Amino acid sequence: MQIPLVQERAALAELCDRFASSQWIALDTEFTRESTYYAKLGLLQLATEETIACIDPLAVDLLPVLELLYQPTIIKVLHSGRQDLEVLYDLRRDVPRPLFDTQIAAALLGHPAQIGYAALVESITGVKLAKLHTRTNWEARPLSAEQLRYAGDDVRYLRDVYHELDGQLRSRGRLAWLTEECEALADPALYRNDPETAYLRLNPGHSIAPAAQPLLRALAAWRERTAQARDRPRGWIVSDAVLIEIARAMPSDREALGRLPQVTAAVVRTYGDELLDVVRAARTASAERIWSDSRPMTSTEQNLTRRMLERVNAVAQAENIRPEIVATRRAVHALMRDRAGALSKGWRRELVGGELIAMIESDAAKG
């Protein structure tokens, strides 16, 4: 089947008019970001029941198709859509909704949490997709008919997968579960990359002294702003390890900065003055534990965690769903320590979270 590549304004307008009355649209993107902070969109694939098309974002203004995709009356069907949604967020500073993510839907029906598109297509349709063109440069032109067929397959079979999973969710009373998960996926806060919250990506942050944590947070914010301004990957600015070293050492000048084991001469030359400015500004900040408390669990907490996870596993088995979909160990700890996290609300609370809260309160009452 020949997949058309839409490269003219009139053809795009006609396509959008044809899709405008659809109840749902299958959606996928092809992009590159190896050397940039922001993804570079190379192709946009759409499908309805009758039509499959690839849109060339290098040749046409995407405004008409964005207006279409952001219509709240049309369900956008994606598989593992977070990166696709990030691309769209960067174009529009918002996320299209409502969504139907087939990877999430499959997980709610007993499939592995991270099941890939090809595996899910084969499971549902019996079609085994070729693994060609996985490393295609989607910004190169012209695109061959074979490349367009490959890209089109990413939405061609998504239609069948969507219908099957939607039917199964409805029959098992879990469509509301998916709605809840996809509403969370559509939260614009997931895609903003706010420099002031960039420190949350630094998992080792909790391991450094509270006196150094405000500096590490400031360094992470500086790196995020710099990566955005230069449109370069974060790691191309400085690595996490360099940020940790600087926060711990708090160097006072370029010489001290250059003596740090992982700080290269190129880092000192390019960013030395900026880094030292961040260090100086942070010297006046009070010691503060910014990362969550990572204190070891008591034996009582360990015992409660074990019992809670056993109950999660039992409920998951009864519901024919993977335990990690219901709750991770981290989610159990968040509920136990702060009555917060995924288990404290929505379908997970109804399924097992309320019961776990009762276990926590019962243990607390026993002292």
Requested in this report: Those residues that are of a type in the set (V, I, T), farther than 19 Å from G81 by Cα and not in a loop (DSSP other than H, G, I, E, B), I need them from region 175-209; list them, please.
Outcome: T197
Query raised in the report: Restricting to helices (runs of 4 or more DSSP H) lying wholly in region 222-262: which have 2 or more residues that are under 19 Å from N203 (Cβ atoms), in contact (Cβ under 8 Å) with a residue 24 or more places away in the chain and touching a helix residue (DSSP H, G or I) at 6+ places or on another chain (Cβ under 6 Å)?
Result: 234-237, 240-249
Report task. Say whether the condition of being of a type in the set (F, W, Y) and under 16 Å from the mean Cα position of the chain (by Cα) is met by at least one residue in region 192-202. Result -> no
Query raised in the report: Which residue out of V65, V77, V60 is more than 28 Å from A119 (Cβ to Cβ), open to solvent by less than 10 Å² (accessible area, probe 1.4 Å) and of a type in the set (A, V, I, L, M, F, W, C)?
Result: V65
Query raised in the report: Does R217 satisfy being open to solvent by 50 Å² or more (accessible area, probe 1.4 Å) and not in a helix (DSSP H, G or I)?
Result: no
Requested in this report: Quickly run through region 125-147 and pick out the residues that are under 14 Å from Y157 (Cβ atoms) and either modelled with pLDDT of 95 or more or more than 25 Å from the chain's Cα centre (by Cα) (or both).
Outcome: T125, G126, V127, K128, A130
Report summary line: For region 278-301, pairs from a residue that is closer than 29 Å to E224 by Cβ and of a type in the set (V, I, T) to a residue that is surrounded by 13 or more Cβ atoms within 10 Å (Cβ to Cβ) and at pLDDT 85 or above, with Cβ under 6 Å and 6 or more apart or across chains, are V278/A218; V278/L219; V278/W222; V279/M250; I290/Q213; I290/R217
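Residues are listed down the side, and each one gets a yes or a no for (1) closer than 29 Å to L169 by Cβ; (2) in contact (Cβ under 8 Å) with a residue 24 or more places away in the chain; (3) basic (K, R):
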| site | (1), (2), (3) |
| --- | --- |
| E310 | yes, no, no |
| N313 | yes, no, no |
| A334 | yes, no, no |
| A342 | yes, no, no |
| K345 | yes, no, yes |
| A358 | yes, no, no |
| D363 | no, yes, no |
Requested in this report: Residue by residue through region 158-174, note down the ones that are assigned to a helix (DSSP H, G or I) and either open to solvent by 60 Å² or more (accessible area, probe 1.4 Å) or not charged (D, E, K, R) (or both).
Outcome: L158, D160, V161, Y162, H163, E164, L165, G167, Q168, L169, R170, S171
Query - Some residue of region 224-236 being loosely packed, with under 12 Cβ neighbours inside 10 Å, farther than 30 Å from D84 by Cβ, modelled with pLDDT of 95 or more and of a type in the set (G, A, S) - result: no
**Report entry** Single unsatisfied condition, T300 versus (1) surrounded by fewer than 15 Cβ atoms within 10 Å (Cβ to Cβ); (2) under 25 Å from A113 (Cβ atoms)
**Finding:** (2)
Report task. Output the residues belonging to region 81-118 that are in contact with an Asp or Glu (Cβ under 7 Å, 6 or more places away or on another chain) and surrounded by fewer than 19 Cβ atoms within 10 Å (Cβ to Cβ). Result -> A113
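The values are calculated or read from the model by the stated rules, or taken from the named source; none is laboratory data. Since the model is a prediction, treat every value here as computed from it, not as a measurement. Neighbour counts run over all protein chains shown; Cβ positions are idealised from the backbone, glycine included. To get the accessible areas, we keep the full protein, side chains included, count just its heavy atoms, and leave off ligands, DNA and RNA. Shrake-Rupley method; radii C 1.70, N 1.55, O 1.52, S 1.80 Å.
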